[in-house]
1. Go through (1) touching a Pro at 6+ places or on another chain (Cβ under 7 Å); (2) within 20 Å of Gln194 (Cα to Cα); (3) in a helix (DSSP H, G or I) and name the single condition Arg122 misses.
2. Tally time: how many residues in segment 54-70 are crowded, with 16+ Cβ neighbours inside 10 Å and assigned to a loop (DSSP other than H, G, I, E, B)?
3. Name the pairs whose Cβ atoms lie under 7 Å apart, with the first residue in segment 33-44 and farther than 14 Å from Leu206 by Cβ and of a type in the set (S, T, N, Q), the second more than 16 Å from ligand 2 (Cβ to nearest atom) and part of a loop (DSSP other than H, G, I, E, B), and 6 or more positions between them or separate chains?
4. Tally the residues that are part of a loop (DSSP other than H, G, I, E, B) and closer than 27 Å to Ala184 by Cβ, restricting the search to segment 1-53.
5. Within segment 6-45, can you find the residues that are under 19 Å from the mean Cα position of the chain (by Cα), more than 17 Å from Pro59 (Cβ to Cβ) and hydroxyl-bearing (Ser, Thr, Tyr)?
6. Would you check which residues across segment 138-195 are more than 16 Å from ligand 1 (Cβ to nearest atom) and in contact with a His (Cβ under 7 Å, 6 or more places away or on another chain) and list them?
7. Could you grab me the full set of residues in segment 28-49 that are exposed (fewer than 15 other Cβ atoms within 10 Å of the Cβ) and over 16 Å from Gly68 (Cα atoms)?
Amino acid sequence: MSAIEVIDLSRHYRLGSVDVPALRGVSLSIAANAFTVLSGPSGSGKSTLLNLLGGLDRPDSGHVVVAGQRLDTLDDNRLSDFRARHIGFVFQHFNLLPVLTARENVEYPLLLAGVAASERRRRAAELLDAVGLADRAANLPGQLSGGQRQRVAIARALALRPALVLADEPTANLDSHTGAAIIALMRDMQRQYQTCFVFSSHDAQLLAAADHAVLLRDGQLQAPAAVKEAA
Ligand code: ADP
Ligand code: ADP
């Protein structure tokens, strides 16, 4: 089964009277349990596509199917429930809650989902251990390095065992060594938790780390041959 189906997706932004075409008729399918990189130059539409895949934004035309669910058939409340249950997000700026410890950040989605305290603790401990931060559970984000913060964010994204994890430029604020380690960790987590991962990067060096590369240019997909060349 596909984790994601994208059918003829278009999204334009309007800046005053100017129409900015961010995505133009993109169709693709991403297998369940795949580790996929979404690449392309700055401004090519990567964030726009990830936001549409994650139901954080709605397209002008076309639609997205995630884990068998057409997102366009859900109203805003049901879409946000679906997102919370089935999609994990990792961001460039980590987006951890600064007043919560690493453990509390990982537990937070579980708390919102009504998971009991003992089970929250158990799952957060398991996930922090899996990302190599068992000894940092009581630290606040401000006491952690960038790489460590992103590892907490990855643990948090997996807390509810989502079908899909979307990571928008997860290495953009990390040095290249730490960034490569974060991609390697995401790959390990993808295998261990049997989840579909899609991460975006404008760093061509990271293309080779993925099973599949989706290459965007000016809001359109590049032909597979071009993807191969770029990799
Ligand atoms: P990428 O993630 O590859 O850098 P984006 O999806 O952010 O690309 O942007 C694609 C295009 O849409 C760019 O031309 C960008 O300037 C434009 N764009 C993105 N977000 C907005 C917005 N909120 N308002 C207007 N234009 C936008
Ligand atoms: P990582 O590879 O996980 O990013 P680093 O090698 O960058 O870790 O950091 C090594 C240690 O230095 C970390 O254990 C962390 O405690 C500390 N450290 C690094 N950067 C910061 C920072 N900006 N704020 C607080 N501690 C930091």
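The values are calculated or read from the model by the stated rules, or taken from the named source; none is laboratory data. Keep in mind the model is a prediction, meaning the values are calculated, not measured. Don't worry about glycine lacking a Cβ; one is built from the backbone with ideal geometry, like all the others, and counts go over all protein chains shown.
1. Every listed condition holds for Arg122 apart from (1).
2. Looking only at that region, the number is 5.
3. Asn33/Gln194; Ser42/His202; Ser44/Asp218; Ser44/Gly219
4. Going through segment 1-53 one residue at a time, the tally reaches 9.
5. Thr36, Ser39, Ser42
6. Listed by number, the residues that qualify are Pro162, Ala163, Leu164.
7. Those that are exposed (fewer than 15 other Cβ atoms within 10 Å of the Cβ) and over 16 Å from Gly68 (Cα atoms): Pro41, Ser42.
This table checks each residue for (1) of a type in the set (Phe, Trp, Tyr); (2) away from ligand 2 (no atom under 15 Å from the Cβ); (3) under 20 Å from the mean Cα position of the chain (by Cα); (4) buried (at least 17 other Cβ atoms within 10 Å of the Cβ).
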residue: Ala117; (1), (2), (3), (4): no, yes, no, no
residue: Ala125; (1), (2), (3), (4): no, yes, no, no
residue: Val131; (1), (2), (3), (4): no, no, yes, yes
residue: Ser145; (1), (2), (3), (4): no, no, no, no
residue: Ala159; (1), (2), (3), (4): no, yes, yes, yes
